[in-house]
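Taking it in order: structure first as C-alpha cells, then the write-up.
Each reported figure results from applying straightforward, stated rules to the coordinates on display, with no laboratory input. The model shown is predicted, which means the values in this text are computed figures rather than measured ones. Glycine also receives a Cβ, built like all others from the backbone with ideal geometry; neighbour counts cover every protein chain displayed.
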C-alpha cells in the first residue's frame, strides 16, 4: 500500500457484492462506447483551417463588436477622486480630533482614531478604484 516515496497508493473503487453484476455491465458498456468512438474518429478526416481566413474573420468580428462602456473609465476616475477627497477631509478631521481631545481621555482618542481609520480606508478605496479602472482601460 505504500510506494517508495512514502505515499499511500490510492485505493480503487470496488462495488459491493450485490452491485457487482451491474458494475460489470456498466464497464462493458463503457468499453463498447469507447471502441465505437475510436472507430468513428479514425474514419473522420481532420478539417483543414486556413489561418489567413481565420485571422480575417476574427478581425471583422472584433470590428463589429460594440463597446458599450467606453466612457465608464472616466466615471471611475472621477469617483475615485471624489472618494479620495472625502477620505482626505475625514483624515484631517481625525487628526484635528486627536489634537483637541487628547486631554479628554479615551473617548476623544477613540473618536479621532475612528475618523483616521475611516479616512485612510476611503483613500485606499480611491487608490484601488483608480488603479483598477486604469488597468481595465489598458493604461497601467
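What 222 nm value per residue comes from the helices of the chain, counting each DSSP H run with n ≥ 4 as -39,500 (n - 2.57) and dividing by all residues, nearest 500 deg cm²/dmol?
Numbers: 4 runs with 99 residues, N = 140.
Helices in the chain give a 222 nm mean residue ellipticity of -25000 deg cm²/dmol.
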Given a Förster distance of 41 angstrom, what is the FRET efficiency for residue 27 paired with residue 61, based on the Cβ-Cβ distance and rounded to 0.05? 0.35
Using alpha-carbon pairs under 8 Å, 6+ residues apart, how would you state the relative contact order of the chain in percent? 21
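Under the definition of Cα pairs under 8 Å and six or more residues apart, what whole-number percent is the relative contact order of the stretch 74-137?
Computed over the stretch 74-137, the figure is 47 percent.
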Can you sort 133, 68 from fewest to most other Cβ atoms within 10 Å of each residue's own Cβ? 68, 133
